[in-house]
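Written below as structure tokens is the structure these notes are about.
The values are calculated or read from the model by the stated rules, or taken from the named source; none is laboratory data. Treat the numbers as computed from the prediction; the structure is a model and nothing was measured. Please note: Cβ atoms are built from the backbone with ideal geometry, for glycine as well, and neighbour counts cover all protein chains shown. Quick note on the areas: whole protein, heavy atoms, side chains included, nothing else; ligands and nucleic acids left out. Shrake-Rupley method; radii C 1.70, N 1.55, O 1.52, S 1.80 Å.
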Amino acid sequence: MTPIETIDMKQLLSSMADTMKLQGRARAERRAREAEQEQKEFKEKLQRVAASRMELEGLAQKAKGTEAAVQRDQLISFSAIMK
């Protein structure tokens, strides 16, 4: 090999190594973005679940309140009948 061919081969190998490093960096950045997006979606799901739970708890309290009111009205009606 001539010195020029040796230099060309070194440049080629260097260029290939740089390309592989850039590809690796690009893959790592893509994975980081995907992980960030998944984390964001997971947090949003947790927030929706929490909101749904609060809504269900509110409905349950309303139902319990309604049930208590019905029992109270029945007791008042029963005590009025017993007089």
What is the residue count in the stretch 10-28 for residues that are open to solvent by less than 100 Å² (accessible area, probe 1.4 Å) and within 30 Å of the chain's Cα centre (by Cα)? 4
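Out of Glu5, Glu55, report the one residue that is in a helix (DSSP H, G or I), surrounded by 10 or more Cβ atoms within 10 Å (Cβ to Cβ) and acidic (Asp, Glu).
Being in a helix (DSSP H, G or I), surrounded by 10 or more Cβ atoms within 10 Å (Cβ to Cβ) and acidic (Asp, Glu) holds for just one of Glu5, Glu55, which is Glu55.
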